[in-house]
Amino acid sequence: MPVSVQESDFDAGAEIAALSAGRDDVGAVASFVGLVRADKSADAAAVQAMTLEHYPGMTQQALDAIVAEARGRWDLSGVRVIHRVGRLLPGDRIVLVAVASAHRGEAFAACEFIMDYLKTRAPFWKKEETPQGGRWVDARESDGEAAGRWASGGK
Amino acid sequence: MIKVLFFAGLREALGTGSESLALPAEIATVGALRDHLAARGEPWSALAGTKNLRAAVNQQMAAADAAVKPGDEVAFFPPVTGG
């Protein structure tokens, strides 16, 4: 079960350990955990909470397709992706991507690739709650550029 | 009939998350369907006004020239912001 979309929290340590449990061919596990940040920049009211909406019929297969593409580019021993939905508070975990491979280069690259593609291809939307009301998070151009650099089979 | 879904800020602007409609015979693409719905007037013009509106056909990301046929599930939404 490499991909999960769930409301509940996850144990990143346990998920990372599970990727190499009972096997001796894993030399590297790279992981990324995304958290809800209380954005206190000058022009932004502090975020009190965040709600993650998704497209239930599409989310799972979009994430499966991203993982399959990563496995096609790198020789990976295991992949685990967990993305939470629903209402989250600052400091809460949102997403986990963990990748196991024989060597660190492939694990690092595949982990970053999956995050970059997830941010532009997986149907999730964030709505922030602030003292001034709710606001939908705008997509960042830098996310599109980050995903774009993997085009043409880049590694 | 086709099923049309809306998400996030677009869903809120339209006041609905989904509808079923009979696909007019002259509408064969995602872009034509978007224009057809946007032409209903307020609040549907949000479909034309959403910056970088994205779409999916049968749960796969689709461009404006992607084909739409009866029985399809078509979704419109703003650029995704997960992760």
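The values are calculated or read from the model by the stated rules, or taken from the named source; none is laboratory data. Keep in mind it's a predicted model, so treat the numbers as computed, not measured. Counting neighbours? That spans all protein chains shown, and the Cβs are built from the backbone with ideal geometry, glycine included. Calculation scope for accessible area: heavy atoms of the full protein, side chains included, ligands and nucleic acids excluded. Shrake-Rupley method; radii C 1.70, N 1.55, O 1.52, S 1.80 Å.
Counting Lys and Arg as +1 and Asp and Glu as -1, each charge on the Cβ, what is the dipole of region A:65-104 about the Cα centre in debye, to the nearest 20?
100
Which whole-percent values make up P(r) of chain B when all C-alpha to C-alpha distances are grouped in 10 Å steps starting at zero?
18, 58, 22, 1
Using Cα pairs closer than 8 Å and at least 6 residues apart in sequence, work out the relative contact order for region A:1-106, in percent.
Numbers: 183 pairs, mean separation 48.8, N = 106.
Result for region A:1-106 is 46 percent.
Return one quarter of the surface area of the convex hull spanned by the alpha-carbon atoms of region A:1-120, equal to its mean projected area, in nm².
Details: hull surface 32.4 nm².
Averaged projected area of region A:1-120's Cα convex hull equals 8.1 nm².
Straight-line reach from residue B:3: which aspartates and glutamates have a Cα under 15 Å away, not including same-chain ones fewer than 8 places off?
Here the aspartates and glutamates satisfying the reach criterion relative to residue B:3 are B:19, B:72, B:73.
Please give the per residue accessible area of region A:15-155, computed with a probe of 1.4 Å over protein heavy atoms only, in Å².
Details: 6770 Å² over 141 residues.
Heavy-atom accessible area per residue stands at 48 Å².
Using 0.36 nm per residue of separation minus the Cα-Cα distance, give me the extension gain between residue B:20 and residue B:42 in nm, one decimal.
Gain on stretching residue B:20 to residue B:42: 6.0 nm.
What average count of beta carbons from other chains do you get within 10 Å of the Cβ of residues in B:70-82?
Values: counts 0, 0, 0, 2, 0, 4, 0, 5, 5, 10, 14, 14, 24.
Rounded to a whole number, the mean comes out at 6.
I need to check one value: relative contact order of chain B, counting alpha carbon pairs closer than 8 Å and at least 6 residues apart, in percent.
Details: 150 pairs, mean separation 32.9, N = 83.
Here the relative contact order equals 40 percent.
Taking amide H positions as placed in the peptide plane 1.01 Å from N, state which residues far from residue B:62 in sequence (5 or more) or on other chains have amide H under 5 Å from it.
For residue B:62, whose amide H was placed from the backbone, the distant partners under 5 Å are B:55, B:56, B:57.
Over chain A, with a Gaussian network built from C-alpha contacts below 10 Å, which listed residue (A:134, A:57, A:86) shows the highest mean-square fluctuation?
Result for chain A, Cα springs under 10 Å: A:57 fluctuates most.
What percentage of the solvent-accessible surface of region A:50-155, computed with a 1.4 Å probe over protein heavy atoms, is contributed by carbon and sulfur atoms?
Details: 2260 of 4630 Å².
Of all accessible area on region A:50-155, carbon and sulfur atoms account for 49 percent.
At 4 °C and 1.567 mPa s, grab the translational diffusion coefficient of the protein assembly as shown from Stokes-Einstein with a Kirkwood Rh over Cα pairs, rounded to a whole number in µm² per second. Intermediate values should be presented prior to the final figure.
Details: Rh = 19.2 Å.
Calculated translational D: 68 µm²/s.
Please turn the phi angles of region A:85-100 into ³J(HN,Hα) values with the Karplus equation 6.51 cos²θ - 1.76 cosθ + 1.60 (θ = phi - 60°), one per residue in order, whole Hz, x for glycine and proline.
Calculated HN-Hα couplings, in order: 10, x, 8, 10, 10, x, x, 5, 6, 9, 9, 10, 10, 10, 10, 10 Hz.
Residue B:69: which aspartates and glutamates have alpha carbons under 13 Å from its alpha carbon, excluding same-chain residues fewer than 8 sequence positions away?
Qualifying aspartates and glutamates at Cα under 13 Å: B:26.
Please compute how much accessible surface disappears when B pairs with A, both sides summed, using a 1.4 Å probe, and round it to the nearest 100 Å². Intermediate values should be presented prior to the final figure.
Numbers: alone 4700 and 8450 Å², together 11410 Å².
In total, chains B and A hide about 1700 Å² from solvent.
Give me a single rounded figure for A:50-59: the average over its residues of other chain Cβ atoms within 10 Å of their Cβ.
Rounded to a whole number, the mean comes out at 4.
With only Lys, Arg, Asp and Glu charged, each at its Cβ (+1 for the first two, -1 for the last two), find how big the charge dipole of region A:1-70 is about the Cα centre; round to the nearest 20 debye. Don't skip to the end; give the middle numbers.
Working: 3 positive and 11 negative charges, 31 e Å.
In total the dipole reaches around 140 debye.
Within 10 Å of each Cβ of A:116-125, how many other protein chain Cβ atoms are there on average?
Numbers: counts 1, 1, 3, 5, 7, 4, 4, 10, 6, 11.
Partner Cβ neighbours, averaged per residue: 5.
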